[in-house]
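Asks: Just passing along the structure, written as structure tokens.
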Amino acid sequence: MKIFNESKEGLFGSSMNWINARLPYLYKNKIYPHWDIRNVNHGNPSDQDRITPHIIEPKKQNANPGETVNLLDIERYQYTDFKEANFYFNEYFQFCSSITDQLDIDFIPEKCLGIHFRGTDKLTNNKDCKIINLTAFLLKLESFLKDRCFESVFVISDEADSKQTIISFVKNLGVTVLSTHLPPHFHKTLASNPDKLSITKNSILEMLLLSKCGCVIKSHSAFSSWAKIINPSLEMYRVNKCKNNWFPDYYLPEF
């Protein structure tokens, strides 16, 4: 079997979640297919925007691709458990070595709080969740830090100004701030960017660093929620109220 899909949306909110939701069916039926998964905002522009194998690599594939099947036509599984989602993803895939080889496991100390603020369209589109702007996010962050002790925080965002505002805010509270020097990008502006694959790989690197934190507080976002799929034992909270039961964000506690 060869599984095909093409997305014009975010990598984790569409392609990655869509793939992972079909893996239990494939596993139950002992199917290890060939994959042709494309994402116009994140894939390799020199290979028809494919994310397989340029972002995620299949660990095992049947010898003969056989028939081509649309990913979204395969039975969908509704996850409620992060350990389960972790098991199936790791059974079928790994992130490519050009991403994982850059991962500095010592960059994030044990008692580090991960912070992810998702701006851009999440500040205007309330279809998926209640809108939480930066001011409201900072109030929640201040309240969250009041009764908790962290040695440092790690900050990521899709908005450069918001990221810097959070960094300044936390520094004023006397907490050490960690961040990468990777410039933030909004995924829906990347389709025609010739560097979109390398930009996406850098974003995934930040998500993997987030998974190394001791705790995470975040905006509603599939991107940062995948840090808990990678590390199911990670303590993670979202600040937005969900308007649907979509995995993974709905199954995080709200702060």
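Any read-out appearing in this document is the output of simple, stated calculations on the displayed coordinates, not a laboratory observation. As the structure is a computational prediction, the values presented were derived from the model and not from experiment. FYI the Cβ positions are ideal-geometry reconstructions off the backbone, even for glycines, and counts take in every protein chain you see.
Asks: What do you get for the angle between helix 17-28 and the principal long axis of the chain? Use alpha-carbon atoms, 0 to 90 degrees, nearest ten.
Replies: 50 degrees
Asks: Let me ask something additional. Per q in 0.31 Å⁻¹, report the Debye log10 I(q)/I(0) for the range 28-69, using one uniform scatterer on each alpha carbon and no solvent.
Replies: -1.05
Asks: According to the square roots a ≥ b ≥ c of the eigenvalues of the Cα gyration tensor, what is the shape class of the range 200-239, taking rounded for a/c under 1.5, prolate for a/b larger than b/c otherwise, and oblate for the remainder?
Replies: oblate
Asks: Report, to one decimal in Å, the Kirkwood hydrodynamic radius for the chain based on all distinct Cα pairs.
Replies: Numbers: mean 1/r = 0.0532 Å⁻¹.
Taking the inverse mean of 1/r over all distinct Cα pairs, the chain comes out at 18.8 Å.
Asks: Dividing the Cα radius of gyration by the Kirkwood radius, what Rg/Rh value follows for the range 1-44?
Replies: 1.00
Asks: Next up: Which lysines, on any chain, are close to LYS122 with Cα under 19 Å apart, when same-chain ones fewer than 8 places away are left out?
Replies: The reachable lysines, counting only those whose Cα sits under 19 Å from LYS122, are LYS8, LYS130, LYS140, LYS163, LYS188, LYS218, LYS241, LYS243.
Asks: For the range 68-111, state which trypsin sites (Lys or Arg not before Pro) are in a DSSP loop and have at most 16 other beta carbons lying within 10 Å of their beta carbon. Numbers along the way, then the final one.
Replies: Numbers: sites: ARG76, LYS83, LYS111; in loops: ARG76, LYS111.
Loop-located and lightly packed - ARG76, LYS111.
Asks: Another question, then. May I ask what percent, to the nearest 5, of DSSP beta bridges between residues of the chain are antiparallel?
Replies: If I count the DSSP bridges inside the chain, around 20 percent turn out antiparallel.
Asks: While we're on this one: Sort out for me the Cα centre separation of the range 66-104 from the range 161-177, rounded to whole Å.
Replies: Between the Cα centre of the range 66-104 and that of the range 161-177, the gap is 34 Å.
Asks: Could you state the angle between the C-alpha long axis of helix 134-146 and the longest principal axis of the C-alpha atoms of the chain, as a value from 0 to 90 degrees rounded to the nearest 10?
Replies: Roughly 70 degrees between the two axes.
Asks: For an R0 of 22 angstrom, estimate the FRET efficiency from the Cβ-Cβ distance between LYS188 and LYS127 and round to the nearest 0.05.
Replies: For R0 = 22 Å, the calculated efficiency reads 0.90.
Asks: Calculate the translational D of the range 39-148 in whole µm² s⁻¹ from Stokes-Einstein, where the hydrodynamic radius comes from the Kirkwood formula applied to all Cα pairs, the temperature is 10 °C and the viscosity 1.306 mPa s.
Replies: Estimated diffusion coefficient is 85 µm²/s.
Asks: Here's a follow-up. Which of rounded, prolate or oblate describes the range 112-251 when judged by the alpha-carbon gyration tensor and an a/c cut-off of 1.5?
Replies: rounded
Asks: So how do TYR92, TYR77 line up by other beta-carbon neighbours within 10 Å, fewest first?
Replies: TYR77, TYR92
Asks: With only Lys, Arg, Asp and Glu charged, each at its Cβ (+1 for the first two, -1 for the last two), find how big the charge dipole of the chain is about the Cα centre; round to the nearest 20 debye.
Replies: Once rounded to the nearest 20, the dipole reads 480 debye.
Asks: Take the Cα radius of gyration of the range 2-100 and divide it by 2.2 N^0.38 Å, with N its residue count; two decimals is plenty.
Replies: Here the Cα radius of gyration is 1.01 times the empirical estimate.
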